[in-house]
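Engineer: One structure follows; several queries about it will come next.
The values are calculated or read from the model by the stated rules, or taken from the named source; none is laboratory data. This structure is a prediction, so every number in the text was calculated from the model and none was measured. Using ideal geometry, Cβ is built from the backbone for each residue, glycine included, and neighbour counts are taken over all protein chains shown. Protein only, heavy atoms only, side chains kept; ligands, DNA and RNA dropped before computing areas. Shrake-Rupley method; radii C 1.70, N 1.55, O 1.52, S 1.80 Å.
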Amino acid sequence: MTTAPVADDASAEIPRFPQPRAAACPFDPSPELRGLAQWGPLTRVRSWGDTTPWVVSSHAEQKALLSDPRLSADFSHPGFPSPVDHSGSEHGATDLSFVGMDDPEHARLRRMVSGAFTIKRVEAMRPVVQEMVDDFITRMLAGPKPADLVQALALPVPSLVISELLGVPYEDHEFFQTNSKVLVSAVATPQERQAAHGNLNGYLDQLLDAKLTDPGDDLLSSLGQQIRAGELTRRQAVAMGVLLLLGGHETTANMITLGTLLLLEHPDQLARVRDTDDPKVIASAVEELLRYLSVVHLGRRRTALEDIEVAGKTIRAGEGVILLGELANRDPSVFPDPDRLDIARDARSHQAFGSGTHHCLGQPLARMELQVLYPTLLRRIPTLRLATDLDQVPFKYDAVIYGVHALPVTW
């Protein structure tokens, strides 16, 4: 691991923030990343712009800090650990909506859309999502073999679900998928990212115009009502639309493909998912896949507003903090034998969706989609298998949402 001396302690060394995954074992955190935990639950890393934020690796400390109001999610703080300078960019933190805000404004804006993602509302959508999944699988079966599971199923299902929820025409899916891919790329230039952001902003702004004139029963129309009531600015509504559109399909699509691939590599676990009709077993399997895979890279990042004592160390006001879910989810003190995939494990305390006030708004929807898709796919195509060698699968080492660029499968 590359190290460099720490300025405030000449006797100490600090690791570079490493590559999250390793090609040798693409489902696991890289050895270098896991090595950070050996430095203790809290350690510095040398990161973007040669800054030295703290990395929190343990489950207990992450859960506590994510609920600590002394940590700020505001991207515009000078000490915020990010590869992108949000404070100096044309698109500031407000363009990233409430994920880059603190309470009470964060809570106020979040409440405007949270009703659409309650468990009750999401469960009411389950039959519709089941029909969508069945339809796309039927199309895949009627098409050529091998098929790319990304394009045939993983991207279409969550894209269609979030399109209908938001009120976005699904026929525009190639446009918003293409621009979303740029926004979650770890290698896109600032200019490319800015252009993609501008494309999505302009697109959602035009849709919002139509919803203000002719509202429907969808989230964009609801945001339009908030604009009319003076509770929301036009810019805020557009930013929320972009956030929900992006978050509503990217993470779930990657979990579909990566989770399917992981099960194909663990046929005993796959058989348990395929052969059960017990929804509790399916729900448990989804939680274990979420824990094991931890598709969000670069961690949940914060800035300390005050000095905070953690695990015998002090995070000073103004310092950056990176909370790595992939390390919390492999914490052996919480998940015994954490590198073993076990769908019977109680993995519900995982940090795949974060915790605290900024926990993922769409987690009920993501869970439901995965609970429908995995068993349906495996039952309808019981002979499903990978159509190439594992080392030939193009994993997304170049993205902040981990997954695969394509997944050739046959049956």
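Engineer: Can you tell me which of L261, L245 is closer than 18 Å to A352 by Cβ and either touching a Cys at 6+ places or on another chain (Cβ under 8 Å) or open to solvent by less than 10 Å² (accessible area, probe 1.4 Å) (or both)?
Structural biologist: L261
Engineer: Sticking with this one: Any residue in the range 319-348 that's within 30 Å of E306 (Cα to Cα) and open to solvent by 30 Å² or more (accessible area, probe 1.4 Å): show its pairings with residues that are assigned to a loop (DSSP other than H, G, I, E, B) and among the aliphatic types (A, V, I, L, M) at Cβ separation under 7 Å, as long as the two are six or more apart or on different chains.
Structural biologist: Every condition considered, no pair remains.
Engineer: Give me the pairs, please: first residue somewhere in the range 381-405 and aliphatic (A, V, I, L, M) and at pLDDT below 95, second residue anywhere and surrounded by fewer than 17 Cβ atoms within 10 Å (Cβ to Cβ) and assigned to a loop (DSSP other than H, G, I, E, B), beta-carbon distance under 7 Å, and either six or more positions apart or on two chains.
Structural biologist: Short answer, once both residue conditions are applied: A399/A186; V400/A186.
Engineer: Search the range 367-410 for residues being of a type in the set (F, W, Y) and open to solvent by less than 50 Å² (accessible area, probe 1.4 Å), and hand back the single one that is nearest to I343 (Cα to Cα). Step through it out loud before you land on a result.
Structural biologist: Here is the first cut: in the range 367-410, the residues of a type in the set (F, W, Y) are 374, 395, 397, 402.
With the extra rule that they be open to solvent by less than 50 Å² (accessible area, probe 1.4 Å), the set shrinks to 374, 395, 402.
Numbers: Y374: 13, F395: 23, Y402: 21 Å.
Within the range 367-410, the match that is nearest to I343 (Cα to Cα) is Y374.
Engineer: Report, by residue number, each residue of the range 41-51 that is modelled with pLDDT of 85 or more, touching a Lys or Arg at 6+ places or on another chain (Cβ under 8 Å) and of a type outside the set (A, V, I, L, M).
Structural biologist: Listed by number, the list holds a single entry, R46.
Engineer: Among the candidates Q130, Q177, Q151, single out the residue that is part of a helix (DSSP H, G or I), polar (S, T, N, Q) and open to solvent by 70 Å² or more (accessible area, probe 1.4 Å).
Structural biologist: When all the criteria are applied, what remains is Q151.
Engineer: Read through the list (1) open to solvent by less than 50 Å² (accessible area, probe 1.4 Å); (2) in a helix (DSSP H, G or I); (3) of a type outside the set (D, E, K, R), then give the number of the only condition that Q191 fails.
Structural biologist: (1)
Engineer: Among the residues that make up the range 284-304, is at least one of them free of Cβ contacts under 8 Å to residues at least 24 places away in the same chain and either more than 26 Å from L386 (Cα to Cα) or in a helix (DSSP H, G or I) (or both)?
Structural biologist: no
Engineer: So which residues in the range 28-55 are aliphatic (A, V, I, L, M) and either touching a His at 6+ places or on another chain (Cβ under 6 Å) or closer than 15 Å to G320 by Cα (or both)?
Structural biologist: Going residue by residue through the range 28-55, those that are aliphatic (A, V, I, L, M) are 33, 36-37, 42, 45, 55.
Of everything in the range 28-55, those that are aliphatic (A, V, I, L, M) and either touching a His at 6+ places or on another chain (Cβ under 6 Å) or closer than 15 Å to G320 by Cα (or both) turn out to be L42, V45, V55.
Engineer: Let me ask something additional. Out of the residues in the range 98-127 meeting the condition of being in a loop (DSSP other than H, G, I, E, B) and among the charged types (D, E, K, R), tell me which one is surrounded by the most Cβ atoms within 10 Å (Cβ to Cβ). Steps first, answer last, please.
Structural biologist: The initial filter retains those residues of the range 98-127 that are in a loop (DSSP other than H, G, I, E, B), namely 101-104, 118.
Applying the additional criterion that residues be among the charged types (D, E, K, R) yields 102-103.
On the way: D102: 18, D103: 13.
So, considering only residues that are in a loop (DSSP other than H, G, I, E, B) and among the charged types (D, E, K, R), the one surrounded by the most Cβ atoms within 10 Å (Cβ to Cβ) is D102.
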